[in-house]
Amino acid sequence: MTPGPGWARALEGATRSRLTLLLGGVDSGKSSLATFLANGLLAGGFRVGVVDADLGQSHIGPPTTVGLGRVTRPLAELGDAPLAGLAFVGATSPVGHVAATVEGARRMTARAAALDLERVIVDTGGLIAGELGRLLKQRKIEAVDPDLVICLERGDECEPIVRAWSCRPRPELLRLPVGARARRRSAAERRQHREAALEAYFRAAVPVRLRLADVALQLTSDRAGRPGLDGGDLLDGMLVGLDDVRGDTLGLGAIRGVDMAERELHLDTPVRDAHVATLRLGHRAVRVAEPVR
């Protein structure tokens, strides 16, 4: 990997920082920088984790989740880090899921601390523009409490987000230009990545039946409301997060039907032999190809 401008300074900052958070717009090179930093910190003898909070273009964990990877060997790409934790957000965009996105990042950084990872890199999504982008990223900074925030900028697009911290002693702010090698992807390419990642995730899925009396239902969206199963056919194909009793996401499932007579929920999931305490319902149905039976 060819380092971008200022990446050596970024590694110096990350070396002295317990937690480093990366900010930048779409296709600004955040994931490449995160990979570079993770490898450099690993080579420096640290126990390293990476939190992937880019819901739509996930490398660690499937789309719709915030994933924690534990870096045990040099990475060719971010997705090579073994999965150490998962938080289901329910959508491939934080729009309408701000609270769940922020909470997912907080839970995964807390998990990294519990695993005694000495250096943690948080790779965020590309939504930084407008009031929603500013609010989302400021809440995320407050929730994970980084020691260093690295802004990858083409201009000054991160300034509305980090201005509130510019006169504070922490976090340290480091502003870097977007490298010339950063490649912009089309909306079609980004959609294809999401679809391919979900298809790969569900390739090992098997049909599972859950008794409705045994699981709680939770919504992931910011909209108030009580989850229900009225019109069960409308849930067909909806992504759900399967959480254990501690609220940790075990994996994803895709609803295939609701049998109200038997009070059962039918879904496909690669999660096996685990106690599911809560189903977190995604915001809308996402069509996932059924696995080969």
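For the range 118-135, taking the residues that are surrounded by fewer than 22 Cβ atoms within 10 Å (Cβ to Cβ) and of a type in the set (A, V, I, L, M, F, W, C), the one that is farthest from Ala14 (Cα to Cα) is identified as Leu132.
Among the residues of the range 168-178 satisfying the criterion of being surrounded by 16 or more Cβ atoms within 10 Å (Cβ to Cβ) and outside any strand (DSSP E or B), which is modelled with the lowest pLDDT? For the range 168-178, the residue satisfying everything is Val178. Screening Ala113 against (1) closer than 23 Å to Gly44 by Cα; (2) in a helix (DSSP H, G or I); (3) in contact (Cβ under 8 Å) with a residue 24 or more places away in the chain leaves a single unmet condition, (3).
Yes or no, residue by residue, for (1) without any contact (Cβ under 8 Å) to a residue 12 or more places away in the chain; (2) assigned to a strand (DSSP E or B); (3) of a type in the set (S, T, N, Q); (4) under 24 Å from Arg246 (Cβ atoms):
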| site | (1), (2), (3), (4) |
| --- | --- |
| Pro5 | no, no, no, no |
| Ala8 | yes, no, no, no |
| Leu11 | no, no, no, no |
| Gly45 | yes, no, no, no |
| Val51 | no, yes, no, yes |
| Gly56 | no, no, no, no |
| His59 | no, no, no, no |
| Pro63 | no, no, no, yes |
| Ala84 | no, yes, no, yes |
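Residue pairs whose Cβ atoms lie under 6 Å apart, sitting 6 or more positions apart in sequence or on different chains, and linking a residue in the range 210-233 that is assigned by TED's automatic domain parsing to the domain that holds Asp244 and among the small types (Gly, Ala, Ser) to a partner that is in a strand (DSSP E or B) and modelled with pLDDT of 90 or more, are Ala216/Thr278. Pairing each residue of the range 126-148 that is more than 16 Å from Leu22 (Cβ to Cβ) with any residue that is among the charged types (D, E, K, R), provided the two are 6+ apart or on different chains, yields C-beta distances under 8 Å for Ala129/Glu157. Charged (D, E, K, R) and farther than 25 Å from Asp222 by Cα: does that describe Glu157? Considered against the rule, which asks whether it is charged (D, E, K, R) and farther than 25 Å from Asp222 by Cα, Glu157 comes out as yes. Name, by its number, the condition in (1) touching a Ser or Thr at 6+ places or on another chain (Cβ under 8 Å); (2) under 26 Å from Trp7 (Cα atoms); (3) at pLDDT below 90 that does not hold for Arg194. Failed condition: (2).
Could you run through the range 99-117 and say how many residues are surrounded by fewer than 18 Cβ atoms within 10 Å (Cβ to Cβ) and either under 12 Å from the mean Cα position of the chain (by Cα) or at positive phi (or both)? Of the residues in the range 99-117, 1 are surrounded by fewer than 18 Cβ atoms within 10 Å (Cβ to Cβ) and either under 12 Å from the mean Cα position of the chain (by Cα) or at positive phi (or both). If only residues of the range 228-240 that are modelled with pLDDT under 60 and surrounded by 13 or more Cβ atoms within 10 Å (Cβ to Cβ) are counted, the one that is nearest to Asp268 (Cα to Cα) is Gly232.
Just to verify a result, which residue in the range 179-191, among those that are among the charged types (D, E, K, R) and closer than 21 Å to Ala34 by Cβ, is modelled with the highest pLDDT?
Glu189
Restricting the range 18-27 to residues that are surrounded by fewer than 24 Cβ atoms within 10 Å (Cβ to Cβ) and modelled with pLDDT of 95 or more, the residue that is farthest from Asp145 (Cα to Cα) is Arg18. Scanning the range 194-221 for residues that are under 17 Å from the mean Cα position of the chain (by Cα), surrounded by 17 or more Cβ atoms within 10 Å (Cβ to Cβ) and assigned to a helix (DSSP H, G or I) yields Arg194, Ala197, Leu198, Tyr201.
The values are calculated or read from the model by the stated rules, or taken from the named source; none is laboratory data. Quick caveat: nothing in here was measured; it's all calculated off a predicted structure. Cβ atoms come from the backbone with ideal geometry, glycine included; neighbour counts cover every protein chain shown.
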